[in-house]
Amino acid sequence: LRPRLGDEVFFSALERFASEYAGLAVTTEDLQTTLELTAGADLSAFFETWIHGGALPALSLKYAISDDGSIRGCIDSTVPLGTLDTQLWVSDSSGVVEAMVQVVDGQGRFEVAPRSGEITIALDPEAITLASRRSVRVDDELSCWEDALVAEE
């Protein structure tokens, strides 16, 4: 949740929660309400998946590199419901591009501008997403992108 909200919002919400509920019995809903008010966002999908659902997904990333060096990829989760954010690092001779990819109902997708040289992709390299396993492989068949193209037509 912290990477999704950012440090400033996350820690501000925790300070607000500690201040407003000091000495009181609290519930998960109290924490969710405070986080949502501070972030100005609906976090029910996060809480439903990670707090109430108790699911621990396996994550797999498939990607393809086009002739111009751009990268498209899909991230699949074995938990097909809810929303999670996971970290992605793409490195080449120019350095590292870091991004958060949102996975909704078991599938997320990403696109990275053209890169050069040897390209390395890491899925959740700092293990910030609770997952039972993470895998990365090259694969020219990217169903999440094919589905998106069909939906746009």
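Values computed for the structure shown
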{"read-out": "Given charges at Cβ of Lys, Arg, Asp, Glu: the chain dipole, positive-most of V97, T78, I128", "value": "I128"}
{"read-out": "Distance between modelled label sites at I51 and E146, nm, 7 Å Cα→Cβ extension", "value": "3.9"}
{"read-out": "Two-site label geometry, M100 and F11: point separation in nm, points 7 Å out along Cα→Cβ", "value": "1.6"}
{"read-out": "Segment D139-T78, extension gain: residue separation times 0.36 nm, minus the distance between their alpha carbons", "value": "20.1 nm"}
{"read-out": "Net dipole in debye of segment 2-48 [+1 Lys, Arg Cβ; -1 Asp, Glu Cβ; about Cα centre; nearest 20]", "value": "120"}
{"read-out": "The chain: relative contact order as a whole-number percent, Cα under 8 Å and 6+ apart", "value": "23"}
{"read-out": "Paramagnetic reach from E36 (point 7 Å along Cα→Cβ, amide N under 19 Å) across segment 1-30", "value": "1-2, 4-6, 9-18, 20-21, 26-30"}
{"read-out": "Mean accessible surface per residue for segment 10-153, computed with a 1.4 Å probe while every protein chain stays in place, in Å²", "value": "57"}
{"read-out": "Centre separation in Å (Cα based) which lies between segment 1-64 and segment 79-99", "value": "20"}
{"read-out": "Cα gyration tensor shape of segment 60-153, rounded if a/c is under 1.5, else prolate or oblate by comparing a/b with b/c", "value": "oblate"}
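The values are calculated or read from the model by the stated rules, or taken from the named source; none is laboratory data. Note that the structure is predicted; figures quoted are calculated from it, not measured. All Cβ positions, glycine included, derive from the backbone under ideal geometry; neighbour counts span all protein chains shown. Areas reflect the complete protein model, heavy atoms only, side chains present, ligands, DNA and RNA absent. Shrake-Rupley method; radii C 1.70, N 1.55, O 1.52, S 1.80 Å.
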